[in-house]
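Undergrad: Dropping a structure here in structure tokens format, bear with me for questions.
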Amino acid sequence: SQELEQSPQSLIVQEGKNLTINCTSSKTLYGLYWYKQKYGEGLIFLMMLQKGGEEKSHEKITAKLDEKKQQSSLHITASQPSHAGIYLCGADGSDNFGNEKLTFGTGTRLTIIP
Amino acid sequence: EPEVTQTPSHQVTQMGQEVILRCVPISNHLYFYWYRQILGQKVEFLVSFYNNEISEKSEIFDDQFSVERPDGSNFTLKIRSTKLEDSAMYFCASRILRPGGKHYGYTFGSGTRLTVV
């Protein structure tokens, strides 16, 4: 079965600084999703990546999927208090266009300090 | 933007009672899922549902759990006799198969927090 490891597990960053969160898979990633979650609340979709080398940006958040499709990174530029939360990566385990479940990483808790 | 709607947002139930969690997936989506997240832990897959039957289920999804799509719009998760360890956030999700066979991303509901006392 697919395992996703996120690093770091937690991150404390001063407001205005940049940061990167990584998600590494034990198998090829056919669809990689990034979500943000406030503790105990719902999942907010950020971005989805499918192709090796793909990069997407939304506002100050950029996500990349490496060429080998086994690692993804999420980069936040000039962090703000609103970026605080738990970031989760989730992955499709195959590309059979079928009924794939997502496997989730353990999450990275991001704290922004003034 | 279409949404997946879950009700109730919070449910408190006594151990041993039956609960039904409800979800309204996006209308043209074909695949439906339930996930759960025990507080502070990973989001875990429970079950997937397609063409009116279960496609896959995890080890968590034992005989106490069942799913149903009773009327073509609602998608329900029933827990027959709740245990303390069933306390968790339960997420419903749906996805569509794009034309040409390219599957598309998930849409998650905002969750139902179930507390078993």
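Undergrad: So what's the net charge close to B:Lys42: Lys and Arg +1, Asp and Glu -1, counting the other residues with Cβ under 12 Å from its Cβ?
TA: -2
Undergrad: Now, a different point. With labels modelled as points extended 7 Å from the Cα through the Cβ direction, what inter-label distance (nm, one decimal) is found for B:Glu18 paired with B:Arg69?
TA: For the pair B:Glu18/B:Arg69, the computed spacing is 2.2 nm.
Undergrad: Applying 1/(1 + (r/R0)^6) with R0 = 25 Å to the Cβ-Cβ distance of A:Thr28 and B:Ile54, what FRET efficiency is obtained, to the nearest 0.05?
TA: My answer for the efficiency is 0.45.
Undergrad: Across the residues of B:37-48, average count of Cβ atoms on other protein chains within 10 Å?
TA: The mean count of partner-chain Cβ atoms within 10 Å per residue comes to 4.
Undergrad: If you average the alpha carbon positions of the stretch A:4-28 and of the stretch A:31-64, how far apart do those two centres end up, in angstrom?
TA: Going from one Cα centre to the other spans 12 Å.
Undergrad: How big, in percent, is the set of alpha carbon pairs in the stretch B:5-96 lying more than 24 Å apart?
TA: 14 percent
Undergrad: Below 15 angstrom from the Cβ of A:Lys64, what's the summed charge of the other residues (Lys, Arg +1; Asp, Glu -1)?
TA: +1
Undergrad: Share of antiparallel DSSP beta bridges in chain B, in percent to the nearest 5?
TA: Of the beta bridges lying entirely in chain B, close to 90 percent run antiparallel.
Undergrad: Evaluate peptide A:100-108: per residue, the Cβ atoms of other protein chains within 10 Å of its Cβ; return the mean as an integer.
TA: Per residue, the average neighbour count from other chains is 6.
Undergrad: Follow-up. Modelling each spin label as a point 7 Å along the Cα-to-Cβ direction, I'd like the B:Ser9/B:Thr76 distance in nm, to one decimal.
TA: Going by the 7 Å Cα→Cβ label model, 2.3 nm.
Undergrad: Tell me, which longest segment in chain B has none of the GluC sites (Glu not before Pro) that fall in DSSP loops with at most 16 further Cβ atoms within 10 Å?
TA: B:60-117
Undergrad: Rank A:Ser1, A:Ala84, A:Ser94 by how far each Cα sits towards the positive end of the charge dipole of chain A (+1 on Lys, Arg Cβ; -1 on Asp, Glu Cβ) and give me just the farthest.
TA: A:Ala84
Undergrad: Right, another one. For the protein assembly as shown, what are the per-bin percents of Cα-Cα distances with bins 10 Å wide, up to the bin holding the maximum?
TA: Calculated P(r), rounded to whole percents: 8, 32, 35, 20, 5, 0.
Undergrad: Run the Debye formula on the Cα coordinates of chain A, all scatterers equal and no solvent, and tell me log10 I(q)/I(0) at q = 0.10 1/Å.
TA: Log10 I(q)/I(0), no solvent term: -0.27.
Undergrad: Give the average, rounded to an integer, of partner chain Cβ atoms located within 10 angstrom of each Cβ in B:105-112.
TA: Neighbouring Cβ atoms belonging to other protein chains average 5 per residue here.
Undergrad: While we're looking at this one, here's another question. Set the Förster radius R0 to 22 Å, insert the Cβ-Cβ distance between A:Ser57 and B:Glu1 as r into 1/(1 + (r/R0)^6), and round the FRET efficiency to 0.05.
TA: 0.65
Undergrad: Towards the positive end of the charge dipole of the stretch B:1-88, with charges on Cβ (+1 Lys, Arg; -1 Asp, Glu), say which of B:Met15, B:Ser66, B:Ser48 has the farthest Cα.
TA: After comparing all options, I get B:Met15.
Undergrad: Let me ask something else about it. Relative to the Cα centre, what is the charge dipole magnitude of the protein assembly as shown, using +1 at the beta carbon of each Lys and Arg, -1 at the beta carbon of each Asp and Glu, and rounding to the nearest 20 debye?
TA: 400 debye
Undergrad: For chain A, what proportion of DSSP beta bridges, expressed in % and rounded to the nearest 5, is antiparallel?
TA: 90 percent
Read-outs: derived from the displayed coordinates by stated rules, not from any lab. Just so you know, these numbers come straight off a predicted model, no measurement behind them. Cβ atoms come from the backbone with ideal geometry, glycine included; neighbour counts cover every protein chain shown.
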